[in-house]
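Input: a single structure, listed below in structure tokens.
The values are calculated or read from the model by the stated rules, or taken from the named source; none is laboratory data. The model shown is predicted, which means the values in this text are computed figures rather than measured ones. All Cβ positions, even for glycine, are placed from backbone atoms using ideal geometry, and neighbour counts span all protein chains on display. Note: accessible area is taken over every heavy atom of the protein model, side chains too, but ligands, DNA and RNA are not part of it. Shrake-Rupley method; radii C 1.70, N 1.55, O 1.52, S 1.80 Å.
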Amino acid sequence: MKTILKNRHFVNLESLSTTEINSLIERSLAFKRGEPAPDFSDKTLVNLFFENSTRTRSSFEMAEHRLNMYLLPFETATSSVQKGETLRDTCKTLEAIGADGLVIRHGATGYYEELLATLDIPIINAGDGSGQHPSQSLLDLMTMVETYGTVEGKVVVICGDLQHSRVARSNADILKRLGAIVYGSGPVEWYDPAMGIPHLSMDEAVEQCDILMLLRVQHERHDGTTRFDPADYHATYGLTHERMNRLKNSAIVLHPAPVNRGVEIADELVEHPRSRIFEQMKNGVFARMAILEWCFSTKSIKGDDEDDNTN
């Protein structure tokens, strides 16, 4: 057994061992079952969202509330960011006045790299550009394990704008590490070979998958030169009623949301019995409770040293 130091960063899942990831999944499920939450009323958190967010921000706020953390208000529109203050200086300022941790979403991929060397308080990555979205990945894993008991051996197809999706990148990496069989689907021009997952057509995907993970088209990360027709996209790459009928009876559908109904998924299918989209949102609170507890916990974790890459 080795002791993990307190105040751990949570910036990606690559830096965590599989033992730690599985422990976080189990802790998330325990919170959902009603296990009492620890009292972190001595901790002050700041949520810095430099990009728009509904689910991630709100579920972090709810998680912080359930852990009795004090949330120091921060809005980029009324902060010194508007005067040219750098992210580093904003974070150092908040640390200096007593913040115990920062939850950050930022448009720059890998924004946290500089902060890791300059801050002595935990950084929780709520999404960095087209890089990583580790808390979303954890709640997705939680939802899969809740359904199947494991992800090992399950066929997961991630469908849509793979090139620009931090959700796709985070999930592909960790699912492979945990033994899932991962494919990509969607427009070939948005397929990213660097993700290291084979590409299937959407029709192949629905017949092979145990878990179909749909993605929103990240228009805000495109250069604006690509012609996009929602009806054409839905017919070619979306989950239509006909494709839903071809899924295995045991298959489930995930989506990190926001959902563009009638584009990546037919409107009526968002609430289909096999859809776990709103269950994912519910699970987001429990997963983020587990993340925050982990960042401030001094508990020991048993694991193989060779699979330990913690910050």
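Just a few scattered comments:
- For the range 1-128, the residue among Leu24, Asn125, Tyr112 whose Cα projects farthest onto the positive side of the dipole built from Cβ charges is Leu24.
- Burial order of peptide ranges 80-90, 233-243, 205-215 (average beta-carbon count within 10 Å, highest first): 205-215, 233-243, 80-90
- For the pair Ala194 and Glu75, label points projected 7 Å from Cα toward Cβ lie 3.6 nm apart.
- A Förster radius of 30 Å, combined with the Cβ-Cβ distance separating Arg88 from Thr19, puts the computed FRET efficiency at roughly 0.40.
- Of the residues Val270, Ile181, Leu239, the one whose Cα sits farthest towards the positive end of the charge dipole of the chain is Val270 (charges of +1 on Lys and Arg Cβ, -1 on Asp and Glu Cβ, taken about the Cα centre).
- Taking label positions 7 Å along the Cα-Cβ direction at both Glu51 and Asn249, the computed distance is 4.0 nm, reported to one decimal.
- Size descriptors for the chain (Cα atoms only): Rg and Dmax, in that order, 19.4, 57 Å.
- Between Glu35 and Ser201, the modelled label-to-label distance comes to 4.6 nm, taking each label 7 Å out from Cα in the direction of the beta carbon.
- The mean accessible area for residues of the chain, using a 1.4 Å probe and ignoring ligands and nucleic acids, is 43 Å² per residue.
- 10 Å binning of all Cα-Cα separations within the range 138-229, expressed as whole percents from 0 upward: 17, 50, 27, 6, 0
- Which listed pairs, of Lys248/Lys282; Lys92/Lys282; Lys43/Lys176; Lys43/Lys154; Lys83/Lys282, have C-alpha distances above 27 Å, in listed order: Lys92/Lys282; Lys43/Lys176; Lys43/Lys154; Lys83/Lys282
- Using a probe radius of 1.4 angstrom, the carbon and sulfur fraction of the accessible surface of the range 24-63 is 44%.
- D_trans [Stokes-Einstein, Kirkwood Rh over alpha-carbon pairs] for the range 5-98, 37 °C, 0.692 mPa s, µm² s⁻¹: 210
- Gyration tensor analysis over the Cα atoms of the range 64-159 returns equivalent ellipsoid semi-axes of 31, 17, 12 Å (largest first, whole Å).
- Shape of the range 114-156, Cα gyration tensor, a/c cut at 1.5: prolate
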